[in-house]
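This report refers to the structure that appears directly beneath it.
A short reminder: the numbers here are calculations on the coordinates, not readings from a lab. Just so it is clear, the model here is predicted, and its values are computed rather than measured. Positions of Cβ are generated from backbone atoms using ideal geometry, with glycine treated the same way; all protein chains shown enter the neighbour counts.
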Amino acid sequence: MVPKVYAGQEMAMVENDSCIMNGNWKKRVHVFGERVRRIPTKAWQTTWRVGREDPRRLIHAFKVGLSLTLVSLLYLLEPFYKSIGQSAIWAVMTVVVVLEFTAGATLCKGLNRGLGTLLAGLLAFIVGYVADASGRVSQAIIIGAAVFVIGALATYIRFIPYIKKNYDYGIVIFLLTFNLIAVSSYRVDNVLKIAHERVYTIAIGCAVCLLMSLLVFPNWSGEDLHNSTVYKLEGLAKSIEACVNEYFYGELEGSGDIKLSEDPIYKGYKAVLDSKSIDETLALHASWEPRHSRYCHRFPWQQYVKVGAVLRQFGYTVVALHGCLRTEIQTPRSVRAMFKDPCIRLAAEVSKVLIELSNSIRNRRHCSPEILSDHLHEALQDLNTAIKSQPRLFLGPKHRHNQASNMFKIAAEQVGHGKTSLSSVKTDSSALLEWKNKRVTTEQTKESERKSLRPQLSKIAITSLEFSEALPFAAFASLLVETVAKLDLVIEEVEELGRLACFKEFIPGDEFVVTCDEPRIDVFQNHLPSHGVD
């Protein structure tokens, strides 16, 4: 039998475990209830933030809702339903798939869808007509062969770069429509009616989408590409100034202490690094848009892509400049202070040039003829003079180099004195024992010499420490000068953009500085992905 004392202890332990489990269960229920109560507040905050970042999103949502309502009338109203029938649902599906945020994207998908459907309907009708003229067995063979040939050929054409870039969606719709109509013609007698109804309803859906995109508060892909270029220039200007100010005024820490998502310097150049696919997509959609500017000028969408490519090359230098702030080895603050003024002045001049370029694109005017002013060259010369005035930091004093060489020479001589000649070793046992004793004594001598050598090596490290700590600043200064060198490429592409886009001429007094206090959003976030074609 189990003693009563142990039985009581077991019961107490069971009761304690049950109390702990009940307490944890109640705590979890309380936490879950708090999370559920916070859901409406978080949902409202997220909804408000999305609309506040870009009010055009709310307008686009209403446009989609209105378009869906209009095409749904084809199915809901009895007169339209009698004339169109079940095919009215294709108009609804067309609006859902085609209507995009910008007019260029809608035109691209709408025209691709309409053209692909029209060509597929005509080709399917021709194949069906030829197949009907043959027997029942021949009809199936002809349709099967046509499906194979057209499917393989159209899929191969999709690999052509130009077709893939501009008409890939249209070919997918062509394949889908052709197969549906061609295969259905084997079981349905009136295939012409099927093709006519589908083309008719899709044309209605595309027309509604195009009218909504072009006439009701249109959003232009070209304008988004234009504005994103302006914001990228401003972001680079802010990043450069913030880098230099952080380097000379902030507390530099090793990598990993600050999250990149929270770093204002990273936020400035992040949009530039991620802009390649965004620029190419916006430029493609802009190429489909009609000329809608005041003077009906041609939109140089390809030149905006070139400007974006040059800005990415410039941005890589800013990334390396930012990396100098997060290295483990840092130049002492006393050394950095010697070069603070020329570096800050040079960064300010570079930022000033970038802001001037952003203003010229925003206002659609040419750059100032004096965009590369004498102030920039003077700041660059001042930095060069400041570096030359401190040669010992970057070249190292001669006498210290000689002192280090002498220390290594003395250490080598001290180690050389402890060498033992094996030619004097005798062959008898007594001589062998004597040689072992000498070997032990020699090892002890070497150990003591190593201990005396360590302080001397430490002195050598101390003498070269000043030179090694100046190297991180040398890298920082060279990258800062590199940004000046890459400004010429940026200015050339922006000037070419102004020439192609017919910007207005520069008038003295136009230059002014624009500061962006509000955070800019990524324009590509407004483009919702399309999942499937139908």
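Cross-link list LYS232/LYS267; LYS109/LYS276; LYS238/LYS270; LYS232/LYS340; LYS340/LYS388: which exceed 18 angstrom alpha carbon to alpha carbon?
Among LYS232/LYS267; LYS109/LYS276; LYS238/LYS270; LYS232/LYS340; LYS340/LYS388, the Cα-Cα distance tops 18 Å for LYS109/LYS276; LYS232/LYS340.
When ranked by the protection proxy of mean other Cβ atoms within 10 Å per residue, highest first, what sequence do the peptides 477-485, 77-85, 116-124 form? It would help to have the intermediate numbers written out before the result.
Values: 477-485: 17.7, 77-85: 11.9, 116-124: 21.7.
In descending order of packing, they fall as 116-124, 477-485, 77-85.
Which whole-Hz couplings ³J(HN,Hα) result when phi for each residue of the stretch 26-31 is put into the Karplus expression 6.51 cos²θ - 1.76 cosθ + 1.60, θ = phi - 60°, listed in order with x for Gly and Pro?
Here the 3J(HN,Hα) series is 5, 5, 5, 4, 5, 5 Hz.
TRP220's amide H: which non-local residues (gap 5+, or another chain) put their own amide H closer than 5 Å, with H modeled 1.01 Å from N in plane and none for Pro or chain starts?
So TRP220 has HN proximity to ALA103.
How big is the gap, in Å, between the Cα center of the stretch 88-146 and the Cα center of the stretch 67-86?
21 Å
If each of ILE160 and ASN245 carries a label point 7 Å out from its Cα toward its Cβ, how far apart are those two points in nm?
Distance between label points: 5.4 nm.
Taking K and R as +1 and D and E as -1, what net charge do the other residues with C-beta under 15 Å from the C-beta of PRO161 add up to?
It works out to a net charge of +1.
If packing is taken as the average number of other Cβ atoms within 10 Å across a peptide's residues, how do 86-96, 56-66, 350-360 rank, most packed first?
On the way: 86-96: 19.7, 56-66: 15.2, 350-360: 22.9.
Descending mean neighbour count gives 350-360, 86-96, 56-66.
From the phi angles alone, apply the Karplus equation (6.51, -1.76, 1.60; θ = phi - 60°) to the stretch 107-122 and give each ³J(HN,Hα) in whole Hz, x where the residue is Gly or Pro.
With coefficients 6.51, -1.76 and 1.60, one gets 4, 4, 6, x, 5, 4, 5, x, 5, x, 5, 5, 5, 5, x, 5 Hz.
Full extension from SER134 to VAL29: what is 0.36 nm times the residue separation minus their Cα-Cα distance, to one decimal in nm?
Gain on extension, SER134 to VAL29, equals 30.4 nm.
Cα-Cα pairs above 28 Å in the stretch 55-215: how many percent?
I get 29 percent for the Cα pairs in the stretch 55-215 exceeding 28 Å.
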